[in-house]
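**Student:** Attaching a single structure in structure tokens format; questions to follow.
The values are calculated or read from the model by the stated rules, or taken from the named source; none is laboratory data. What you see is a predicted model; the values in this text were computed from it and never measured. Please note: Cβ atoms are built from the backbone with ideal geometry, for glycine as well, and neighbour counts cover all protein chains shown.
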């Protein structure tokens, strides 16, 4: 089969007719499928049901540094939970803050803290117009937090080994209004890219023009492998130390996609100075987070090995789904020359660049045939994908047979939209 | 015994000697007692242990409006939890937002939301200097939130039936910079005062100079009776409706002192307009709160009757403690004419006004004898009690024998400080 771009108009029109007929058949089936959000499937959440049996009325509620996890006390979490995240993130327990159920909320709080209190300089909200760098495509909820606080967003292209570091260095080191950057360094949302050692080292060695510049290092998928050849990410704190730059990074993680979304625990890893900064906000914001749920997690997993054994079970469920998506992109679309994508070794998404100028149309066609995708543009700040090309596929939630049907609709829609566009 | 103020210097010096000797004996005992925070005792948290057995791996995780409480979805909570708080707060379930484990955090978020987004007007943080009214004595953490956001605090005296409403009306209705007021309308922290029907009606009928004026109605102790003759609080939303003022109030409550501090659930009751305002923030802040913990609470209590039966057990534990404190104030201190207090029918505190100018000294004397009290001044904005007189006693945490000893130290310290002051 020739690529669509190389076909003449008559051949395209013939192709269009065939595609439109096939599409009409799917539409007639009245499907209701969803590949929109990075949501674990029911079989995945079932994996963690045992955690609900672990803390009972008979539990010993006194832990190493908490006289009673049921009562007030301990703003930054119990030591057992700090140790667990310290192992996961390869830092020291004294660099860990354990929060509530949501790392997104911890990021929102961190930006809020920097807006209100600043980081050793004037509070960000007193400094006039400030900017954040946003590697694109990226995570819509990161962009949402930045937009909520009125911070201007600057797109940074993603290469196959991470953000374009020439551009990052140029902007961070020359413009004092650039206060931060969003990073998902391992299995990035949506592309599944893991930053190379060189990229991590260049981040750690930044000499920002703004003294209060901070990297938001959202390590959401730190242990979320889906491949037998998982990626390795360099520990940025080790690299920061070499540069005396430990205060430049706030790292985030959670068990939302380890145990239960919404009922997990979330953590921040940061230097002592940065934890002290956050403390200025948290002492006003809350008396403390749910220590019983922290205990539930530490009793259930015990240590990193326990967590990793659990993640293997997630992998067993997720790998066939990701394989299916990649196989279909490969076999159904690649030959037409209308898509590009990166095959991820972990994370929750497959990022597909469809034929330029057709992403919104593909999402619309899918929707009309009963398949919900993340909105086109959602992976860009302000919802504006300049090429109208990127679509984030989330293969985790639907059962595999539904995923197959949804992907059939997606592939058909991608082709249909490309041919429509070429016909003009 | 004559009052200290009526005694001559020689008699005072003699009294001082006796008191100092008695104090030295307590000091020599090396006590370590705490009456500082409104923290339930271990026997109280034990009451709720059963809630930890109610959600297990065998639970049905599908509820009326949640396909799976373990997974993402439902920013404002499950309907079952909304109904429970709707019963407690006597409002409709559609006026309820269920948050995380902390009503303080919900209040912090609400103020943050009004600072960033405003309430139909310019965001508060774009309006220059703004003010909050603070009935005093009051709750230090309320004052902390206001101070965190740089809002000026104005003291409002508390009468025996609530805040001085003449002053509230005068300030709210004349000054557009007055944006809000903190209220704990039932069993106020620290005095245990419940607002009279007239006070509630006057609040509901306010005609604020600022269109974006909001009452923070922290109903923390709505069901926390400790007496057989509990107070009744008028439902402010009913009164607001009569005045077309439903948007003027955000009400807060939690189960922190019903089940577990830190592992309970918290709620906001507000008009649809106000919930929509909050939604503008919460959609950026989080994906949702812990629905499993919501389910734990609704399965355990079932309804308001279940909650009230549970609160009766708390009352059985708390009543003897409060009785002890009141008896000791009455029998050990009253005759000397150096204290005043209100006997509370519920809540978590007894607020004592010691001899003017001696509160800090009393707290210091207690501390040196091993009894920790809330810091003097903590019940006032900026930690400044103009009369240096108010001390908040929290009788709930210590076992009753320890409470008795702590109160002996307190009474002795109050006398010693008063006599010291009078001797000059």
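**Student:** Please pick out the residue among A:322, A:284, A:349, A:355 that is touching a helix residue (DSSP H, G or I) at 6+ places or on another chain (Cβ under 6 Å) and more than 14 Å from chain B (Cβ to nearest Cβ). If you could, list the steps in order and put the result at the bottom.
**Tutor:** Working: A:322 fails: touching a helix residue (DSSP H, G or I) at 6+ places or on another chain (Cβ under 6 Å); A:284 fails: more than 14 Å from chain B (Cβ to nearest Cβ); A:349 fails: touching a helix residue (DSSP H, G or I) at 6+ places or on another chain (Cβ under 6 Å).
Going through A:322, A:284, A:349, A:355 in turn, just one is touching a helix residue (DSSP H, G or I) at 6+ places or on another chain (Cβ under 6 Å) and more than 14 Å from chain B (Cβ to nearest Cβ): A:355.
**Student:** In the range B:73-81, is there at least one residue being over 29 Å from residue B:238 (Cβ atoms) and touching a helix residue (DSSP H, G or I) at 6+ places or on another chain (Cβ under 9 Å)? Give the steps one after another, and end with the answer.
**Tutor:** Step one: list which residues in the range B:73-81 are over 29 Å from residue B:238 (Cβ atoms), which gives B:73.
If we keep only those that are touching a helix residue (DSSP H, G or I) at 6+ places or on another chain (Cβ under 9 Å) too, we end up with B:73.
Yes; the residues of the range B:73-81 include at least one that is over 29 Å from residue B:238 (Cβ atoms) and touching a helix residue (DSSP H, G or I) at 6+ places or on another chain (Cβ under 9 Å).
**Student:** Follow-up. I'd like the residue in the range B:25-39 that is out of contact with any helix residue (DSSP H, G or I) (no Cβ under 8 Å at 6 or more places or on another chain) and in a helix (DSSP H, G or I) and, out of all such residues, is nearest to the other protein chains (Cβ to nearest Cβ).
**Tutor:** That would be B:28.
**Student:** Considering only residues that are out of contact with any helix residue (DSSP H, G or I) (no Cβ under 9 Å at 6 or more places or on another chain) and over 29 Å from residue B:326 (Cα atoms), which ones fall in the range B:196-251?
**Tutor:** Listed by number, the residues that qualify are B:211, B:244.
**Student:** Pull out all pairs, ordered by first then second residue, where Cβ-Cβ is under 9 Å, the residues are six or more apart or on different chains, the first lies in the range A:6-20 and is more than 15 Å from residue A:338 (Cβ to Cβ), and the second is not in a helix (DSSP H, G or I).
**Tutor:** A:9/A:424
**Student:** Let me ask something additional. Given the condition in contact with a strand residue (DSSP E or B) (Cβ under 7 Å, 6 or more places away or on another chain) and at pLDDT below 95, answer yes or no: does some residue in the range B:357-375 qualify?
**Tutor:** Yes: the range B:357-375 contains one or more residues that are in contact with a strand residue (DSSP E or B) (Cβ under 7 Å, 6 or more places away or on another chain) and at pLDDT below 95.
**Student:** Would you list the strands (runs of 3 or more DSSP E) that sit entirely within the range B:317-403 and hold 2 or more residues that are over 19 Å from residue B:23 (Cα atoms)?
**Tutor:** Numbers: elements: B:350-353, B:371-373, B:390-393.
Passing ranges, in order: B:350-353, B:390-393.
Results for (1) under 26 Å from residue B:42 (Cα atoms); (2) buried (at least 16 other Cβ atoms within 10 Å of the Cβ), shown as yes or no for each residue.
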| site | (1), (2) |
| --- | --- |
| B:284 | no, yes |
| B:303 | yes, no |
| B:309 | yes, no |
| B:317 | yes, yes |
| B:321 | yes, yes |
| B:331 | no, no |
| B:341 | no, yes |
| B:347 | yes, yes |
| B:350 | yes, yes |
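**Student:** Sticking with this structure for a sec: Could you please find all residues in the range B:261-274 being touching a helix residue (DSSP H, G or I) at 6+ places or on another chain (Cβ under 7 Å) and under 27 Å from residue B:55 (Cβ atoms)?
**Tutor:** B:262, B:263, B:265, B:266, B:267, B:268, B:269
**Student:** Still on this structure, I have one more. Quick check on this structure: which one of A:131, A:58 is free of Cβ contacts under 8 Å to residues at least 40 places away in the same chain and either under 30 Å from residue A:389 (Cα atoms) or within 10 Å of another protein chain (Cβ to nearest Cβ) (or both)? Spell out the reasoning first.
**Tutor:** Numbers: A:131 fails: free of Cβ contacts under 8 Å to residues at least 40 places away in the same chain.
After applying the criteria, what remains is A:58.
**Student:** Could you tell me whether the range A:116-126 includes any residue that is in contact (Cβ under 8 Å) with a residue 12 or more places away in the chain, touching a strand residue (DSSP E or B) at 6+ places or on another chain (Cβ under 7 Å) and under 19 Å from residue A:219 (Cβ atoms)?
**Tutor:** no
**Student:** Look through the range B:257-305, keep the residues that are in a loop (DSSP other than H, G, I, E, B) and within 18 Å of residue B:216 (Cβ to Cβ), and return whichever of them is farthest from the chain's Cα centre (by Cα).
**Tutor:** B:271
**Student:** Checking residue A:133 against (1) out of contact with any helix residue (DSSP H, G or I) (no Cβ under 8 Å at 6 or more places or on another chain); (2) in a strand (DSSP E or B), only one condition comes out false. Which one?
**Tutor:** Evaluating residue A:133 over (1) out of contact with any helix residue (DSSP H, G or I) (no Cβ under 8 Å at 6 or more places or on another chain); (2) in a strand (DSSP E or B) leaves (1) as the failure.
**Student:** Collect the residues in the range B:101-127 that are assigned to a loop (DSSP other than H, G, I, E, B) and either surrounded by fewer than 24 Cβ atoms within 10 Å (Cβ to Cβ) or more than 7 Å from chain A (Cβ to nearest Cβ) (or both), keeping them in residue-number order.
**Tutor:** Here is the first cut: in the range B:101-127, the residues assigned to a loop (DSSP other than H, G, I, E, B) are B:101-102, B:117-123, B:127.
B:117, B:118, B:119, B:120, B:121, B:122, B:123, B:127, listed by residue number.
**Student:** Just to be sure I understand, how many residues within the range A:1-24 are part of a helix (DSSP H, G or I) and closer than 24 Å to residue A:376 by Cα?
**Tutor:** Keep residues of the range A:1-24 that are part of a helix (DSSP H, G or I), which gives A:4-6, A:9-24.
Those left that are additionally closer than 24 Å to residue A:376 by Cα: A:4-5, A:16, A:19-20, A:22-24.
Selection size over the range A:1-24: 8.
**Student:** Here is a follow-up. Is it the case that some residue within the range A:236-251 is at pLDDT below 95 and buried (at least 19 other Cβ atoms within 10 Å of the Cβ)? Spell out the reasoning first.
**Tutor:** To start, the set of residues in the range A:236-251 that are at pLDDT below 95 comprises none.
So far as the range A:236-251 goes, no, none of its residues is at pLDDT below 95 and buried (at least 19 other Cβ atoms within 10 Å of the Cβ).
**Student:** Next question, about the same structure. Is there a residue being out of contact with any helix residue (DSSP H, G or I) (no Cβ under 6 Å at 6 or more places or on another chain), buried (at least 17 other Cβ atoms within 10 Å of the Cβ), more than 10 Å from chain A (Cβ to nearest Cβ) and assigned to a loop (DSSP other than H, G, I, E, B) anywhere in the range B:40-54?
**Tutor:** no
**Student:** Residues that are touching a strand residue (DSSP E or B) at 6+ places or on another chain (Cβ under 8 Å) and in the same structural domain as residue A:394 (by TED's automatic domain parsing): find the strands (runs of 3 or more DSSP E) completely inside the range A:139-226 holding 1 or more of those. So that I can check it myself, show each step before the final result.
**Tutor:** Details: elements: A:152-159, A:178-183, A:214-218.
In the range A:139-226, no matching strands (runs of 3 or more DSSP E) lie anywhere.
**Student:** Tell me, yes or no, whether the range A:151-170 has at least one residue that is in contact with a helix residue (DSSP H, G or I) (Cβ under 8 Å, 6 or more places away or on another chain) and within 9 Å of chain B (Cβ to nearest Cβ). Steps first, answer last, please.
**Tutor:** Let us first name the residues in the range A:151-170 that are in contact with a helix residue (DSSP H, G or I) (Cβ under 8 Å, 6 or more places away or on another chain), namely A:151, A:153-157, A:161-163, A:165, A:168-169.
Then keep just the ones that are within 9 Å of chain B (Cβ to nearest Cβ); that gives none.
Within the range A:151-170, none of the residues are in contact with a helix residue (DSSP H, G or I) (Cβ under 8 Å, 6 or more places away or on another chain) and within 9 Å of chain B (Cβ to nearest Cβ).
**Student:** Return yes when residue B:295 is surrounded by 21 or more Cβ atoms within 10 Å (Cβ to Cβ) and either within 14 Å of another protein chain (Cβ to nearest Cβ) or within 21 Å of residue B:101 (Cβ to Cβ) (or both) and no when it is not. Let's see the steps before the verdict.
**Tutor:** Working: surrounded by 21 or more Cβ atoms within 10 Å (Cβ to Cβ): yes; either within 14 Å of another protein chain (Cβ to nearest Cβ) or within 21 Å of residue B:101 (Cβ to Cβ) (or both): yes.
Considered against the rule, which asks whether it is surrounded by 21 or more Cβ atoms within 10 Å (Cβ to Cβ) and either within 14 Å of another protein chain (Cβ to nearest Cβ) or within 21 Å of residue B:101 (Cβ to Cβ) (or both), residue B:295 comes out as yes.
**Student:** Give the residue that is farthest from residue B:285 (Cα to Cα), with candidates limited to residues of the range B:64-99 that are more than 13 Å from every other protein chain (Cβ to nearest Cβ) and in a loop (DSSP other than H, G, I, E, B).
**Tutor:** Only one residue tops the list, namely B:90.
**Student:** What number of residues within the range A:389-406 are in contact (Cβ under 8 Å) with a residue 40 or more places away in the chain and touching a strand residue (DSSP E or B) at 6+ places or on another chain (Cβ under 8 Å)? Steps first, answer last, please.
**Tutor:** Taking the range A:389-406 first, the residues in contact (Cβ under 8 Å) with a residue 40 or more places away in the chain are A:390-400, A:402-406.
Remaining after also requiring touching a strand residue (DSSP E or B) at 6+ places or on another chain (Cβ under 8 Å): A:390-395, A:397-398, A:402-403, A:405-406.
So the count comes out to 12.
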